[in-house]
Structure formats: C-alpha cells, structure tokens
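The block underneath contains the structure these notes are about, expressed in structure tokens.
The values are calculated or read from the model by the stated rules, or taken from the named source; none is laboratory data. On a predicted model such as this, the values are computed, not experimentally measured, just so you know. Note that we place each Cβ from the backbone using ideal geometry, even for glycine, and neighbour counts take in every protein chain shown.
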Amino acid sequence: MKLDTLAEDVGEWLRGTGPESDIVMSSRVRLARNVAHYPFVSRMSEQDRGDVERFLRERITASPAGSQLEYIDVGRLEEVDRQFLVERQLISREHAEAQGARAVAIDGREQVSLMINEEDHLRIQCMHSGLDLRGAWEQIKAVDDQIGRVVPYAFHPRWGYLTACPTNVGTGIRVSVMLHLPALVITRQIDKVFRSLHKISLAVRGLYGEGSQAMGDFYQISNQTTLGKTEEELIEQVGDVVPVLIDYERRAREFLVRETQQNVHDQVSRAYGILRTAQTITAEETMQLLSRVRMGVLLGLIGDVKIADINSLLVRTQPAHLQKIRGVELDTKDRNIERARYLRRHFEGGTPQN
C-alpha cells in the first residue's frame, strides 16, 4: 500500500454514511493483546522487539484476516509518513514516535488496523462511520478470533488478557466514539456534560486520543477500565450514553437557531468566509472554522457543501496530509500558505444561505 494512494482518498469512517453521523463522526473498538512468554514492550530488548514483530508478521499475514491487510514497516517510514498515519487515525502518536521494530497492518477501507509493538505487542482497531459500535465489535471480534487461532495470547484464567497498562487488563477492550459537539461548546454546557461522564467512569479525550487536546469541538468518549466487565457490558455502557449526548447536542443546536439565530448565522458566515479567502491559516484555526461550517451545513445555513467534504478537509488540511498532497516537505509558514490555498480551491462555488 502506497501512502500517496491513501492521500488521494478517505477512509470509510470519514464519509459520514453511518447512523447519527451528523454528530457521531466515528465508532471505534480497540483490543489490546500480548504474545505469551515475551515481556511487555516497555521491558523488551531490541532483539525481543524484532522477534515479536517478525513472529506477528508471519502469523498475521498467513491468517485469513491478514490476507485482507497491507503490512507496513513503521520503523522504516519517514517522519512525515508516520505523522500521516497518525492524522489518519491508523496509528497512535506514541507508535509514530517510538523507536525499534514496529509495524501496522491496514485494510483497504481503513476500517481495520493492527499496530504491532505499540504499548502492547498487538493493538487491533476497528473504526466505522457514525454510531455503529455493534458493527465495529462484530468485525473486530472476527479478526481477533482468527489471529487468536495462530498467536498464543498472554491470558490468565482469573484476570483475563494481560496488558501493559493495568486499566486494560481483563477484556483488553477500549470502546470509543468521536463526537462533534459545537453547540454544547457555544452554549457553555460542555463542562457540565463532561463532569457527568467522569462520574460514570467514561473518559473524554481530544481528536487523537489519550493526551491530545480537543480541536474544533471534536471529542472522544471511551471507557476507562475493562477489568470485571464483559465486552458486551462495556459496549453497552458507552452505547447507552451516546444517544443522550446526541440529544443534548441537538437540543443545543435548536436553542441556538431559535434564540440566537442571527449570532449563529454570523459565526458560520464568518468562518466560511475566512476559509474561502484566507491567504495563510494554521491547522488549529482551520479545525475550529471547519467545525463551525460543519454545524452550519447541518443547520441549513450553508448550501452546496457536503458533510463528507468537510469531514475529509478535517484530515486533509493536517500538516502531513498537506505535504503528501503537495509532494514536498513544507515548513510551518509554507504549510499555512498551502493550507489556505487548498481551502480556497476547495470552497470555490459554495454559497451561504440567506
């Protein structure tokens, strides 16, 4: 798989075709697994890392699941290519910045990715568009079962799957949804909502997961612990909360239109105008403006703009994507200029609604 080819398209999770995709960008299920009889990644020698990477590559590529995946040696990639995969949500920042033997296997739709030698020996991830935790779980379960037949997982009859981080011990599952919540931010209800989530042991993170900051009013909601609960219970825990958050966001949007329509229309129009005319613009400002435009499209304030296009721009205007699209490395100043140029070309022809 050539990363240049990936840059020309977007993954299934960005196309906005799933249930409730006006608010839920994506649903993700991730499983942490380790190979029996090897130390955890943080305790491995360079030889151990190489041995585990080779062992998993041979076993995975020979399995039915592996036949659908393209294997990429992350350790051999240039920095911009590693960052490209992070922006695409196919590997973590930690995986990109680590040292030693490590890899990722990706399917053509970018729904399934397998990180090798991240925090655990194996991280299996499945992402679907919209609110589709059940579909993501069924798909990742099938992949895990196929790999589990050829890879001896580290498993304890009492504690379950053994993982590098204690919070993942048990099922090793992390269930998360990425939500776009601009109206809750504008109406200043977001902190109250997040405090409520923390009380029921759900974590709130930014666009790129653990340790990342929220950008453009995009947030990931996920379970914090796995021990003592089944996979079904954890999926249900997150799945039961998301419809409530969707309802809160929709009510906030209705309030904005009903009570402050002129102000909201002004925010959306200003954001759209800047994106169409800016000569230089940062990634952070772009995310915030695209967030407002995305809300404006969904509220009927902007015509001739598709949600799928906005979703795509959220990724394509990130630093590594711009450089892949342009075909050259760019410093920060040139990236800001290229980003503005890319946005101007894209938005030619779109019109705000009166």
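Of the helices (runs of 4 or more DSSP H) lying entirely inside region 70-170, those carrying at least 1 residues that are closer than 25 Å to Thr5 by Cβ and among the charged types (D, E, K, R) are 79-87, 93-97. Screening region 1-55 for residues that are hydrophobic (A, V, I, L, M, F, W, C) and in a strand (DSSP E or B) and picking the one that is farthest from Arg109 (Cα to Cα) gives Val35.
Of note, Arg270 does not satisfy the criterion of being out of contact with any Asp or Glu (no Cβ under 9 Å at 6 or more places or on another chain), in a helix (DSSP H, G or I), within 24 Å of Phe84 (Cα to Cα) and of a type in the set (Lys, Arg). Exactly one residue among Arg292, Arg251 is surrounded by fewer than 22 Cβ atoms within 10 Å (Cβ to Cβ) and in a helix (DSSP H, G or I), and that residue is Arg251. Kindly provide the set of residues from region 220-230 that are surrounded by fewer than 19 Cβ atoms within 10 Å (Cβ to Cβ) and either part of a strand (DSSP E or B) or modelled with pLDDT of 90 or more (or both), ordered by number. Thr230 - this is the single residue of region 220-230 that is surrounded by fewer than 19 Cβ atoms within 10 Å (Cβ to Cβ) and either part of a strand (DSSP E or B) or modelled with pLDDT of 90 or more (or both).
If the requirement is being among the β-branched types (Val, Ile, Thr) and under 30 Å from Trp159 (Cβ atoms), which of these qualifies: Val80, Val74, Val24, Val10?
One residue alone meets the criteria, Val74.
Within region 52-68, the set of residues being over 16 Å from His121 (Cα atoms), aliphatic (A, V, I, L, M) and touching a helix residue (DSSP H, G or I) at 6+ places or on another chain (Cβ under 7 Å) comprises just one member, Ala65.
Filter region 177-192 for residues that are β-branched (Val, Ile, Thr) and surrounded by fewer than 22 Cβ atoms within 10 Å (Cβ to Cβ); which is farthest from Leu298 (Cα to Cα)? Full working, then the answer.
The initial filter retains those residues of region 177-192 that are β-branched (Val, Ile, Thr), namely 177, 185-187, 190.
Filter once more, so that each one left must be surrounded by fewer than 22 Cβ atoms within 10 Å (Cβ to Cβ): 185-187, 190.
Values: Val185: 16, Ile186: 16, Thr187: 17, Ile190: 20 Å.
That would be Ile190.
Taken together, the residues in region 24-57 that are more than 20 Å from Arg174 (Cα to Cα) and in contact with a Lys or Arg (Cβ under 7 Å, 6 or more places away or on another chain) amount to 1.
Conditions tested, residue by residue: (1) at pLDDT below 95; (2) more than 20 Å from Glu20 (Cβ to Cβ).
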residue: Arg102; (1), (2): no, yes
residue: Asp107; (1), (2): yes, yes
residue: Asn117; (1), (2): no, yes
residue: Cys126; (1), (2): no, no
residue: Ala136; (1), (2): no, no
residue: Pro152; (1), (2): no, yes
residue: Arg158; (1), (2): yes, yes
residue: Gly170; (1), (2): yes, yes
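Checking every residue in region 94-107 against the condition of being touching a residue at least 60 places away in the same chain (Cβ under 8 Å), under 20 Å from His321 (Cβ atoms) and among the acidic types (Asp, Glu) gives zero matches. Report yes if Lys141 is among the charged types (D, E, K, R) and more than 26 Å from Ser113 (Cβ to Cβ), otherwise no. The answer is no for Lys141.
Applying the selection to region 1-49, what residues are of a type in the set (Gly, Ala, Ser) and crowded, with 16+ Cβ neighbours inside 10 Å?
Residues of region 1-49 that are of a type in the set (Gly, Ala, Ser), as a first pass: 7, 11, 16, 18, 21, 26-27, 32, 36, 42, 45.
Within region 1-49, Ala7, Gly11, Gly16, Gly18, Ser21, Ser26, Ser27, Ala32 qualify.
Do we find that Met25 is farther than 22 Å from Tyr161 by Cβ and in contact (Cβ under 8 Å) with a residue 24 or more places away in the chain in this structure? It is true that Met25 is farther than 22 Å from Tyr161 by Cβ and in contact (Cβ under 8 Å) with a residue 24 or more places away in the chain.
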